[in-house]
Amino acid sequence: MKTIFAIVLTAAIAVPITWHFAHREPTPTSSAATTSERKVLYYQSTMHPWIKSDKPGRCTICGMELTPVYEGRADAATRPDLVMLDPANVRVLRVESTAVKMQPLVRTLAVSGTVDDDATRHRIVSAYVDGRIEKLHVNHIGAEITAGQPMISFYSQMLLVAEGEYRLLELQRRESAMTRLRQMGLSTEQIQALPSKSPSTITSDLNAPMTGTVVAQKVYEGQYVKQGDPLFEIADFSTMWFMFDAYESDLPWLRAGQVVEVHARSLPGKTIEGKIAFIDPNFDEVTRATKIRVELPNPLVDGKRLLAHKVSADGEVRIFTPDVLAIPRSAVLRTGPRAVVYVDQGGGAYQQRVIQTGRSGDQLVEVISGLKAGDKVVTQGNLLIDGQAEINHGAETEPMPESKALTSGEITAAKDFLALSDALASALGRDDLEGFNKEAATAMDTTARFIAAMKSRPNPSPALVDLEQNQHLHSAATLKDARMRFHAFITAAEVVLQPLRHADGTPPFHVWECPMVHEAIPGSAAKGRWIQTGDRPGNNPFFGSAMPDCGEEIQP
């Protein structure tokens, strides 16, 4: 695979460079004079660096003009971490670099949950005394009621007697009777109106104790009830709770007061904003998650609440961290368990450097070690520089560390996770958004079990942190959205899975690589990989039917 890639890379670099030199203007005399001031050590083929000469000429392999290597730029021949490019080649290849600096990470956390009512504003209306329902003033579920509104007319012999006693008592002796009537369900206003109540009226009204929506009706006209029997259930839907699960890796990012944008499937195209009001401190050991509560306004629109009770919804939490040392994600190349960047040394020199990454944002990744503020890392063209490094130094690769055999529990977790990764890639390869979302619905549970199993192994991969942060795949709105989520997920997954290929008991799987992923996933590295478990040809999940065959299998 490395040999094939080197040939493709050579062609990719040679075509634009050949065109550039074939069409460039003749070098002015003044430029030649400037060049002569620097000492030429030797002449070298750009495409075949082992072809050298002590005088100008052409490469004996590709026929391209040999490039002069000046004093101070010969370190690449002896330093395997250094790649030298002629300044003209840098321009042709459009190599771009950016400074490493302290800046906030911005991450969009996609969540999914259910809209529930405010539990503090939910009430059961019960019978205070024995009696019979004479009339229902509220007779259907969903009725909007206001506090003090009559709900039923109620006949009760016990209540009639108490009302009569109240009317007969002198004013100073009525206090105890009033207390008794309150206990029987009458409001203060109803009790004060008793003196004017007709003795022929044998019923009393039971009024709504709060403003809200009737969500359950337990009685009908003519029904006898006992003290304590439930009559109605009322909920205040003016404020709703959006409840979602937050996993262990999400908790460091979340805090009360953060704004959440909620998209209910029953309200296509509409966004409702709310704030995180509560983070449940009780962590569920089975699901490895805890509940987060977001309070949402829910006004009446044309007599109907905007959000219905118990509907499903998706949310996005925009998270900002304090300043950290960070670089664009496109600067990072993943090679097995390593994260590699190329540092621009100036004058066409690029140093390969292994770094340790931390949290990943939407566009940036935190750097734990390997870089300092002010370093310039390559963000575009680093794939070509990496390919040139492979050509220059024989495509040497770091040997994978030996890994002990998997336990039966680890085998099961890995098998399920591989099946999930394969199914997600397969759905995107078919441009099947519905199929992707169906598989993604179980992704969190499957991934959580796999992460827990991998954390118990010796020297767990640092990429497990990235995998935890990017396991939210569900409810993608478009194929582009699905592919962006999948890319972050599978990039971390592939790094975790690679060492397992050398462990006894690992279920068989294939790794495929596409060299053009940055065309489909803005801001990503050029190369991207995915996982397949079957022996079918690679079906590129990043391009789908547009470029199904773009990719090569990476051999163990």
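The values are calculated or read from the model by the stated rules, or taken from the named source; none is laboratory data. These numbers were taken from a predicted model, which means no experiment stands behind them. All Cβ positions, glycine included, derive from the backbone under ideal geometry; neighbour counts span all protein chains shown.
Between residues in the stretch 452-468 that are at positive phi and residues that are in a loop (DSSP other than H, G, I, E, B) and not polar (S, T, N, Q), which pairs lie under 8 Å by C-beta distance while being six or more apart or on different chains?
459/401
From the set of residues in the stretch 466-491 that are more than 13 Å from the chain's Cα centre (by Cα) and part of a helix (DSSP H, G or I), which is surrounded by the most Cβ atoms within 10 Å (Cβ to Cβ)?
Step by step, filter the stretch 466-491, then rank; the result is 491.
Return a yes/no flag: does the stretch 504-517 have any residue that is more than 24 Å from residue 98 (Cβ to Cβ), free of Cβ contacts under 8 Å to residues at least 60 places away in the same chain and over 26 Å from the mean Cα position of the chain (by Cα).
For the stretch 504-517, residues more than 24 Å from residue 98 (Cβ to Cβ), free of Cβ contacts under 8 Å to residues at least 60 places away in the same chain and over 26 Å from the mean Cα position of the chain (by Cα): present.
Which one of the conditions (1) closer than 30 Å to residue 318 by Cα; (2) in contact with a Gly (Cβ under 7 Å, 6 or more places away or on another chain) does residue 270 fail to meet, given that it meets all the rest?
Failed condition: (2).
Let's see how each residue does on (1) in contact with a Lys or Arg (Cβ under 6 Å, 6 or more places away or on another chain); (2) at pLDDT 95 or above; (3) not aliphatic (A, V, I, L, M); (4) not assigned by TED's automatic domain parsing to the domain that holds residue 542:
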position	(1), (2), (3), (4)
400	no, no, no, yes
414	no, no, no, no
423	no, no, no, no
429	no, no, yes, no
432	no, no, yes, no
437	no, no, yes, no
445	no, no, yes, no
450	no, no, yes, no
454	no, no, no, no
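Do you know which of the residues in the stretch 137-176 that are small (Gly, Ala, Ser) and over 27 Å from residue 234 (Cα atoms) is modelled with the lowest pLDDT?
Start the filter on the stretch 137-176 by keeping residues that are small (Gly, Ala, Ser), which leaves 142-143, 147-148, 153, 156, 162, 164, 176.
If we keep only those that are over 27 Å from residue 234 (Cα atoms) as well, we get 162, 164, 176.
On the way: 162: 88, 164: 85, 176: 80.
Per the stated criteria, the residue is 176.
Among all residue pairs at least 6 apart or on different chains, which show Cβ distances below 7 Å where the first residue, located in the stretch 134-150, is over 20 Å from residue 302 (Cα atoms) and among the aromatic types (Phe, Trp, Tyr) and the second is assigned to a loop (DSSP other than H, G, I, E, B) and modelled with pLDDT of 95 or more?
The qualifying pairs do not exist here.
Go through the stretch 236-263 and count every residue that is of a type in the set (A, V, I, L, M), modelled with pLDDT of 90 or more and not in a loop (DSSP other than H, G, I, E, B).
Within the stretch 236-263, residues that are of a type in the set (A, V, I, L, M), modelled with pLDDT of 90 or more and not in a loop (DSSP other than H, G, I, E, B) number 5.
Scan the stretch 268-280 residue by residue and report those that are at pLDDT 90 or above and part of a loop (DSSP other than H, G, I, E, B).
Taking the stretch 268-280 and keeping what is at pLDDT 90 or above, we get 270-280.
Listed by number, the residues that qualify are 270, 271, 280.
Sort out which residues of the stretch 185-213 are modelled with pLDDT under 90 and assigned to a loop (DSSP other than H, G, I, E, B), and write them in order of number.
Correct list: 185, 186, 187, 193, 197, 198, 199, 200, 201, 202.
Out of the stretch 530-556, which residues are modelled with pLDDT under 90, farther than 12 Å from residue 431 by Cβ and of a type outside the set (Asp, Glu)?
Passing the criteria: 534, 536, 537, 538, 550, 551, 554, 555, 556.
In the stretch 115-169, what count of residues is obtained for those that are more than 20 Å from residue 219 (Cβ to Cβ) and outside any loop (DSSP other than H, G, I, E, B)?
Qualifying residue count, the stretch 115-169: 14.
Going by the structure shown, is residue 302 at pLDDT below 90, surrounded by fewer than 18 Cβ atoms within 10 Å (Cβ to Cβ) and closer than 30 Å to residue 239 by Cβ? Outline the logic, then answer.
On the way: at pLDDT below 90: yes; surrounded by fewer than 18 Cβ atoms within 10 Å (Cβ to Cβ): yes; closer than 30 Å to residue 239 by Cβ: yes.
Here the answer is yes, as residue 302 does meet what is asked.
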